[in-house]
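Here's the structure we're looking at; comments come further down.
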Amino acid sequence: MIIEATGLRKDFTVRRKVGRFRREKHVVSAVDGVDLAIGRGEILGYIGPNGAGKSTTLKMLTGVLTPSAGRARVCGLEPVAQRVTLARRIGVVFGQRSQLWWDLPLAESFSLLRHIYKVPAADHAARLKRCTALLGLDEFAQTPVRQLSLGQRMRGELTAALLHGPEVLFLDEPTIGLDVLSKQAVREFLAEVHAAGEATIVLTTHDLADIEKLCRRLVVIDHGRVVHDGSLDELHARYGSRREIVADLDAAWPGLTLPGAQVTAVENDGRRVRLALDGATAGEVVAALAQAVPLRDLSVQEPEIEDVIARLYRRD
Amino acid sequence: MADLGVYLHIVRAQIRSQTQYRMSFAIDLAASTLISALDIATVFVLFSVSGGLGGFGGPAVLLIAGLSALAFAIADAVFGNAERLRELVRSGGFDALLLRPLSALAQLLAVNFAPRRVGRVVQGMVVYGLGLAVADIDWNPARVLLAVVTPLTGAVMFGCLFIIGATVAFWWVESGEVANAFTYGGRDFTSYPLTMYGGGFFGRFFAFGIGFAFVAYLPALALLDRPDPMGVPDWLRWCSPLTAMIAVLAATALWRVGIRHYRSTGS
């Protein structure tokens, strides 16, 4: 396991005003006993609503925050105690915290980072060349970072995080605020990095397309606790999201029961019926339908991940 | 210290960043040169008018003022940027420093390096050089060494104060200007002979509790070969390196604890 966490917890003391001068202390657990085991080469989506504890977890795994309790190991190292050694072996993109020099051209940040991470010149050049090709950095490499668009800057940040050849890449909302094209570029780039088997990737996101395109495994966190750890399909299975057949009929729905399917709605004066697949295949249900009623039109709808996640978040 | 080259790269990048704004950089530089020149003029005027302070003659007072000014200027140039920590802790920008494979403290100093502060060092050197020239010093090897080392030990002590003052931000983000009472206050305190403050509690606390007596006053007594009117033992005058070391231990210990209390910010 390249990343391991057991019972990881982070408490914050919050002072709330009571009355005029008095303040009451409250302890809030931003992360409340998280267990994680992530293998080398995995690409994992770490998701949850705002304030669920995603960023706090990443900050504990990268050595920025000291855990209140529990144990974390990344690349076999203890993040806070061995922060400097670990920093050489991980790459981090925290959307709001730039690693770039604001007033200098992007290219200068890259060469500074080469000195900071003590990367051999040849390795650095090779990685930079690859990132330049994949992310189209040429156009703006000589532009001061403060003049870059958000999408350009994010491409710069991703490159900065990869130039030292990290074993693990932590990305905190890498696509937040980007336009469609930039999002796509970032996703394709990450997929490519993952396919090349260079780094284990952990990313937090609110963008469900990121998850569908990139993440084989999802860890969903809410109120500081892990509420789901598994594949997207497992998430659907567990929270009862099913594929649905929508059939438009030439006559009113006669109110049949079909084996392995469940009628979830009858609409349009009985001329449209929705059936959730409950064990049967789409083919079986369609065949049974075609025998029983005059079919006009038919579509199969995949479950919406938004719905599943929204339902997950609402469970308190 | 093996990383010194890396920090120099960061400092150079910082200077390049500042020179991006040419006009602002030029005005900054001109203003600080002017202020330095005026400061030196003020010192001259003061010492040509007043005969002396706290039982010390003009040349001795100038020597003490020069030692204090040079020590403070070096500390300000190297460690003064530590005060930016408060801002970085509040904004969460400190994260970025913790994510790099370098000492966070050294980065804090290098990343915020302000070239204009170096001008003050030159000013300090002028005043200190003048003090050494006009004071009646019976030179021997030990005194030469003391004259060279004292501005550095003083700078280390002020530097530790800068760091301790900044570190408070890990617990108390709204610490505001409290730390300045000790750093800038310390500069003013150490500029004059200790005898001026009398033997009250605060005088003693600042002089020996915090160690300000070791920045300029006690080493100056050793240079001048004068007894202390307040009866401080002679051997203490040579102890500035020791007090500087204690300050370094205290500052690094506090920093280590403080960094574990860093809370970052939500993002």
How much of the DSSP beta bridge set in the protein assembly as shown is antiparallel, as a percent to the nearest 5? 70
At most 14 other Cβ atoms within 10 Å and a DSSP loop assignment: could you name the trypsin sites (Lys or Arg not before Pro) in the stretch A:147-222 that fit? A:Arg216
Using alpha carbons only, how many degrees (0 to 90, rounded to 10) separate the axis of helix A:106-117 from the longest principal axis of chain A? 70
Say R0 is 60 Å: what FRET efficiency, to the nearest 0.05, do A:Ala290 and B:Asp28 get from their beta-carbon distance? 0.15
Counting only DSSP loop positions in the stretch A:275-312, the GluC sites (Glu not before Pro) whose Cβ has at most 14 other Cβ atoms within 10 Å are A:Glu304
Amide H neighbours of A:His228 under 5 Å, counting only residues 5+ apart in sequence or on other chains, H built in-plane at 1.01 Å? A:Val220
On average, how many beta carbons from a partner chain sit within 10 Å of the beta carbon of a residue in A:64-74? 2
Could you work out [θ]222 nm for the protein assembly as shown from helices alone, using -39500 (n - 2.57) per DSSP H run of at least four and dividing by all its residues? Round to the nearest 500 deg cm²/dmol. -15000 deg cm²/dmol
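What order do you get for B:Asp138, A:Asp248, A:Asp32 when you list them from fewest to most C-beta neighbours inside 10 Å?
Ascending Cβ contact count within 10 Å gives the list B:Asp138, A:Asp248, A:Asp32.
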Just to check I understand the Karplus step: with θ = phi - 60° and J = 6.51 cos²θ - 1.76 cosθ + 1.60, what whole-Hz values come out for the stretch B:110-119, glycine and proline as x? 6, 5, 9, 3, 10, x, 4, 5, 5, x
Taking 8 Å as the Cα distance limit and 6 or more residues as the minimum spacing, I'd like the relative contact order of chain B as a percentage. 27
Out of the DSSP beta bridges found with both residues in the stretch A:3-237, what percent are antiparallel (nearest 5)? 60
Would you count, across the protein assembly as shown, every pair of lysines whose alpha carbons are under 23 angstrom apart, provided the pair is eight or more residues apart or spans two chains? 9
Using only Cα atoms and rounding to the nearest 10 degrees, what angle (0 to 90) does helix B:178-190 make with the longest principal axis of chain B? 30
Using only Cα atoms, find the angle between the long axis of helix B:141-167 and the longest principal axis of chain B, and express it within 0 to 90 degrees, rounded to the nearest 10. 40
Suppose every Lys and Arg Cβ carries +1 and every Asp and Glu Cβ carries -1, with no other charges. What dipole size does the protein assembly as shown come out with about its Cα centre, to the nearest 20 debye? 1280
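No lab work stands behind these numbers, since they all come straight from the coordinates. Nothing here was measured: the structure is a model prediction, and the numbers come from that model. Glycine gets a Cβ as well: all are built from the backbone with ideal geometry, and neighbour counts include every protein chain shown.
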